[in-house]
1. Can you tell me the orientation of helix 104-130 relative to the chain, as the angle in degrees between its alpha-carbon axis and the longest Cα principal axis, to the nearest 10?
2. Would you please put 64-77, 193-206 in order of how densely packed they are, using the mean number of other Cβ atoms within 10 angstrom per residue and starting with the highest?
3. Among 175, 216, 53, determine the one that fluctuates most according to a GNM of the chain built with springs between C-alpha atoms less than 10 Å apart.
4. Just report the Cα centroid separation between region 61-128 and region 169-191, whole Å.
5. Expected output is a single nm value to one decimal: the length gained when fully extending between residue 52 and residue 16, i.e. 0.36 nm times separation in residues minus the C-alpha distance. What is it?
6. Starting from the Cα of residue 201, draw a straight line to each of the lysines and keep only those under 16 Å, dropping any in the same chain fewer than 8 residues away.
7. Residue 8 to residue 27: extension gain in nm, 0.36 nm per residue of separation minus the Cα-Cα distance?
8. Give the ranking of 184, 209 by solvent-accessible surface, highest area first, calculated with a 1.4 Å probe.
Amino acid sequence: MQVASLGRIDLHLEPVKLKLGAVVCEAGGLLRHAYFPQGTVLSLLTVLEDGSAIETANIGREGAFGLFAAMYSRVSFNRCLVQLEGGMVRCPIELLQSEFKRSEHVRDLFVSYSETLLSQVQQTVACNALHTTEERMCRWLLMMHDRADGEALPYTHEFLSHMLGANRKSVTLAAQSLQVAGLISYRRGRIRVHDRGGLEKASCECYAIVKERFDAFLTPPPTAVQGNTKGRSER
């Protein structure tokens, strides 16, 4: 992000701390802030008419929630909740809207990130429809393991079933299979990854595809419109 834009935004960043499972915004809700995780992981859920919901994307320190609203509409398409506790800052939507209109560089950055996030949504939709519960769980645990810096993950089977859109029994069976294989262990609502390489082999291709796309976004070639991205992953 350009120095001038970053300086104006930095003045208005406000730390915010939310607990695991806390709702940042409901689907259809009006967004007053965009949120930039600095250790927190946010989950985007598509909510159906009967109240059921399934995760279609998650956002860590590589991105932000609310940039699409800052570009076009202040209404959230998804329910956004805290999937992993950690640091996070927020910025008023009005300020980001102003920078989006003012700076071509900011426009390029916001659009590029939104396109990259959309690729995660599309890959997740395909994964949920076509891959087994065990493969999907491996993909999800790998994504969380990346964000948690190797620490144990504080998730129950019930929470995982909601994230994956799978029934509790199938999640329990998948977790048991991964534990027997020595890939993970779980106890009292905490999951620890023991064999990262084995978990990647047990996952479907979706984890690697999404990671490759975000890596390309964070480290584009010098000629890319995003420009210098040094430090963006720590945003």
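1. For helix 104-130, the angle is close to 20 degrees.
2. In descending order of packing, they fall as 64-77, 193-206.
3. With Cα springs under 10 Å in the chain, the top fluctuation among 175, 216, 53 is at 216.
4. Centre-to-centre (Cα) distance: 32 Å.
5. 10.2 nm
6. 211
7. 3.9 nm
8. Ranking 184, 209 by accessible area, largest first, yields 209, 184.
The values are calculated or read from the model by the stated rules, or taken from the named source; none is laboratory data. Not measured: the values here are computed from a predicted model. All Cβ positions, glycine included, derive from the backbone under ideal geometry; neighbour counts span all protein chains shown. These area figures cover heavy atoms from the full protein model, side chains too; ligands, DNA and RNA do not enter into them. Shrake-Rupley method; radii C 1.70, N 1.55, O 1.52, S 1.80 Å.
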